[in-house]
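The values are calculated or read from the model by the stated rules, or taken from the named source; none is laboratory data. Note that the structure is predicted; figures quoted are calculated from it, not measured. A quick note on method: Cβ atoms are made from the backbone with ideal geometry, for glycine too, and the neighbour counts reach across all protein chains shown. Keep in mind that these areas ignore ligands, DNA and RNA; they rest on the heavy atoms of the full protein, side chains included. Shrake-Rupley method; radii C 1.70, N 1.55, O 1.52, S 1.80 Å.
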Amino acid sequence: MKLRIGSGYDIHRLTGNRDLIIGGVKIPAHLGEEGHSDGDALIHAIIDALLGAISSDDIGTHFPPSDPKYKGMDSQILLKKTMSMVYQAEYSINNIDCTVILEKPKLLDYKQKIESNLASLLEITLDQISVKAKTKEGCDASGKGLAIECYACVLLTG
Ligand code: ZN
């Protein structure tokens with residue numbers, strides 16, 4: 001059995017007049033993610049972790065923000081495209097562990113919905129995905145509510 005590990009990170013500024021989308025789930029909030037696509041930082045971190053695990057560049061290379069076709073793009077579509085690359089490389093997901101850093105709103109009420117949406121997008125079961133929510137206790141930009149940060153770690157088997 002072959003094992004491949006990958007890690008991903010993403011940060012998006014938060015701004016008015018944008019939706020807050022985390023793992024493909026729209027969360028009621030006053031501020032949403034700035035970005036060329038829908039700004040789903042969690043999915044972007046997962047995509048980078050998957051691409052890293054198969055040693056295939058990064059999200060910006062595969063889906064360049066300079067390309068107008070990705071403007072306002074639903075990141076769930078990009079995740080599905082990334083999964084096809086993983087399958088093409090003859091790997092499948094063993095498990096994914098993620099951390100979302102967001103000052104507010106608190107994500108506890110949405111965690112299950114986010115996990116089950118990601119599980120269905122990634123074609124894995126709920127025990128193969130974990131999404132943890134943290135705050136930065138008021139420290140730095142994310143702690144002051146100016147940004148959302150996400151980390152993802154993935155283990156592939158082939
Ligand atoms: Zn991003």
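At a glance:
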{"quantity": "Subset of the stretch 54-69 (residues that are crowded, with 18+ Cβ neighbours inside 10 Å and part of a helix (DSSP H, G or I))", "calculated": "59"}
{"quantity": "Residue within the stretch 80-90 that is free of Cβ contacts under 8 Å to residues at least 24 places away in the same chain and within 16 Å of the ligand (Cβ to nearest atom) present", "calculated": "yes"}
{"quantity": "The stretch 1-19 - residue that is within 13 Å of the ligand (Cβ to nearest atom) and within 15 Å of the chain's Cα centre (by Cα) and, of those, most open to solvent (accessible area, probe 1.4 Å)", "calculated": "13"}
{"quantity": "Within the stretch 86-111, tally of residues that are assigned to a helix (DSSP H, G or I) and under 18 Å from the mean Cα position of the chain (by Cα)", "calculated": "2"}
{"quantity": "Residue in the stretch 106-123 that is over 17 Å from residue 26 (Cβ atoms) and either of a type in the set (Phe, Trp, Tyr) or exposed (fewer than 15 other Cβ atoms within 10 Å of the Cβ) (or both) present", "calculated": "yes"}
{"quantity": "Tabulated pairs, the stretch 119-134, first in a helix (DSSP H, G or I), second open to solvent by 80 Å² or more (accessible area, probe 1.4 Å), C-beta under 6 angstrom, 6+ apart or interchain", "calculated": "119/126"}
{"quantity": "Residue within the stretch 6-24 that is assigned to a loop (DSSP other than H, G, I, E, B), in contact with a Leu (Cβ under 8 Å, 6 or more places away or on another chain) and within 21 Å of residue 144 (Cα to Cα) present", "calculated": "yes"}
{"quantity": "Residues located in the stretch 20-53, provided they are in contact with a Lys or Arg (Cβ under 8 Å, 6 or more places away or on another chain), open to solvent by 30 Å² or more (accessible area, probe 1.4 Å) and away from the ligand (no atom under 14 Å from the Cβ)", "calculated": "29, 31"}
